[in-house]
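The values are calculated or read from the model by the stated rules, or taken from the named source; none is laboratory data. Just so we're clear, the structure is a prediction, and the values are computed from it rather than from any experiment. Note: ideal-geometry Cβ built from the backbone for every residue, glycine included; neighbour counts use all protein chains shown.
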Amino acid sequence: MDESNLINTEETKAQDVRSLLRQAKKLYLSFFDVNYIYSPLEASQELGLESELVQQLVQEYVAQLLQANISFREYLKEFKHLQKNNQELDFTPLQNLAHKNLGVARNLRIKDCEDILHGMMGEDNLDYLGVLIEVLEACAIKLSPITAFKSLQ
């Protein structure tokens, strides 16, 4: 690959990341207070960890959260199928996964993810649960757009 193609590829990736972030922010802002911005410095101070380590943990959490979101969508699809067939819904697996991710959000002091995951744990309206899943993905993208872009590819 010559240098010109490499530059074009990197520019395209950067444009794709910006587009992904714009879409996520639009959804995010329709759901949350526009004044909230996650601060890894706050988490670093409260946890007594280096800021760089907290940022690395946040990046790992973003990848984990996007992976969990795949499972959340699968659960939602299964729930809709069961509901359509008038069968009982067992939210336990979804709630357990939400709880696991909620713990990490709390530890890293990521308030928006914490709010969404807490809401997911008690929600039984499937349409609203779908909205929460989408907003959770937007939260992850907003936290680390480049990590999210790489994870979503």
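Observations, loosely collected:
- Qualifying residue in the stretch 97-104 (condition: under 17 Å from Lys142 (Cβ atoms) and either in contact with a helix residue (DSSP H, G or I) (Cβ under 9 Å, 6 or more places away or on another chain) or of a type in the set (A, V, I, L, M, F, W, C) (or both)): yes
- Residues (charged (D, E, K, R) and surrounded by 21 or more Cβ atoms within 10 Å (Cβ to Cβ)) located in the stretch 96-123: Asp112
- Which listed residue, of Ser71, Ser144, is of a type in the set (Gly, Ala, Ser), closer than 17 Å to Ser39 by Cα and out of contact with any Cys (no Cβ under 8 Å at 6 or more places or on another chain): Ser144
- Sole exception among (1) modelled with pLDDT of 85 or more; (2) under 17 Å from the mean Cα position of the chain (by Cα); (3) farther than 16 Å from Leu143 by Cβ for Val54, by number: (3)
- Listed by position, the helices (runs of 4 or more DSSP H) contained in the stretch 55-153 that have at least 2 residues being without any contact (Cβ under 8 Å) to a residue 60 or more places away in the chain and not β-branched (Val, Ile, Thr) are 92-107, 111-122, 126-143.
- Against the test of being modelled with pLDDT of 95 or more, out of contact with any strand residue (DSSP E or B) (no Cβ under 6 Å at 6 or more places or on another chain), loosely packed, with under 13 Cβ neighbours inside 10 Å and not acidic (Asp, Glu), the options Lys77, Lys26 yield a single qualifying residue, Lys77.
- Complete set of residues in the stretch 124-146 that are out of contact with any Phe, Trp or Tyr (no Cβ under 7 Å at 6 or more places or on another chain), buried (at least 19 other Cβ atoms within 10 Å of the Cβ) and at pLDDT 90 or above: Leu129, Leu132, Leu136, Glu137, Ala140, Ser144
- Qualifying residue in the stretch 40-47 (condition: modelled with pLDDT of 95 or more and in a helix (DSSP H, G or I)): no
- The condition (being more than 14 Å from the chain's Cα centre (by Cα) and either among the acidic types (Asp, Glu) or closer than 27 Å to Ser19 by Cα (or both)) is satisfied by just one residue among Tyr61, Tyr128: Tyr128.
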